[in-house]
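Presented below is the structure to which this report refers.
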Amino acid sequence: MTSLGGVEMVDWNLAVATATRLVRPGPEVSRDEAREVVAELRRHAKLSEEHVRSFTRLEPTRVDDASPTFGGETPPPVLVVDRAGWVKANVAGFRELLSPLLGKMRERRAGMPGGAVLGAVGGKVTGVEVGMLLSFLASRVLGQYETFAPATRELPAAADGGGRLLLVAPNIVHVERELDVAPHDFRLWVCLHEETHRTQFTAVPWLRDHIRGEIQSFLQETDVDPSTLLERLREAAQSLTGARPAGEEGEEASDRSFVELVQTPAQREILNRLTAVMSLLEGHADYVMDGVGPEVVPTVAEIREKFQKRRASGAGRLDQALRKLLGLDAKLRQYRDGERFVRAVVDEVGMDGFNRVWTSPNTLPTKAEISKPADWIARVHRKAG
């Protein structure tokens, strides 16, 4: 793969090919059953729109209106995909988000002896590594609001250039069978969660660009010097094995993922802000899913109990190790801590009071406020305590 700037740092085509070759096969279903699952997920996604909007009091915005409660625009498309489809959508998103960092690395390598050859080889190695990561994740994701990838014929998106709701049918069927829950109820329950994410982004027009900006800032802080990166990798390995350098015993290093441990201090500050907003988004989706659930999902209590146990336990030692390595345990904490934040704020100031969180980036909770909702209420609502 080549580009105008030279050899690509990641062979994205190889990443897709590797992931689709390695990803586990989905559950066995007949052709008729597969069609029925796809049709039902589309119906549930459509049904979820009204439930979520009514509960959250958020409506999609029009291009010419910045209010998070103004309706009118056609929502981004819902795509029911298999595991390979999820991989393709996420590779497109990664390619878009990582382009500034990869360009920076390409420029650095261009000045090195044999840089073009190293780039070609390195791009294929990295492509395989990305593909292996995606093959692991592709069998675990139930749904996703994919925000950044450009629209294509195969993966259409919203008219403004971003946004599509992905529902991964084989994974949903796999989990509903594993949990032994009512398929109709579980599929609607999943759609309520994912529709909440779609509503968050379509009702809050600045949110997508804000998150993109934070991610780009994070990537711009990445030091691409190989010796510096190797030193961080060495320190990360010591921390993960308990052999931390002197003076770090009191830190939370043992609780950090490998991804967190190779970051610079500036990146950790950005990550704290991203962690807070992702905790808000995930916790809000869980809160809405459970709030709407009792009215439309008869077995919601059983589903929630079984799903929480599955979410917390992981599938085995390898799965738990990879979750730690990739920071997926932190994502599980985001669901829990974010839901507690949303619940506490709504209980105190009501849904309209909570929705002030969507006013601007300045009204988003900080990482500390996620753990102390009263501090956010005091800051945003100008209340004591």
Computed FRET value (nearest 0.05) for HIS381 with ARG212, which takes r as the C-beta separation and R₀ as 35 Å = 0.80
In this structure, the FRET efficiency calculated for VAL296 and ALA39 from their beta-carbon separation, with R0 = 22 Å, to the nearest 0.05, is 0.75
Interchain or sequence-distant (5+) residues whose placed amide H lies within less than 5 Å of the amide H of ARG57 are none
Stretched fully, the stretch from ARG311 through ARG356 gains (0.36 nm per residue minus C-alpha distance, one decimal, in nm) 13.2 nm
Cα-Cα over 32 Å: which of LYS88/LYS309; LYS309/LYS367; LYS124/LYS306?
-> LYS124/LYS306
Exposure proxy order (Cβ contacts within 10 Å, fewest to most) of TRP12, TRP86 | TRP12, TRP86
May I ask for the net charge around HIS51, where only other residues with Cβ less than 10 Å from the Cβ of HIS51 are counted and Lys, Arg are +1 while Asp, Glu are -1?
-> -3
What GluC sites (Glu not before Pro) in region 12-41 are in a loop by DSSP, with at most 11 other Cβ atoms within 10 Å of the Cβ?
-> GLU28
Under 5 Å from the placed amide H of SER139, counting only residues 5+ away or on other chains, we find none
Between ASP347 and ASN272, what FRET efficiency follows from the Cβ-Cβ distance if R0 is 30 Å, with the result rounded to 0.05?
-> 0.75
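Any read-out appearing in this document is the output of simple, stated calculations on the displayed coordinates, not a laboratory observation. Given the structure is predicted, the values throughout are model-derived calculations rather than measurements. Please note: Cβ atoms are built from the backbone with ideal geometry, for glycine as well, and neighbour counts cover all protein chains shown.
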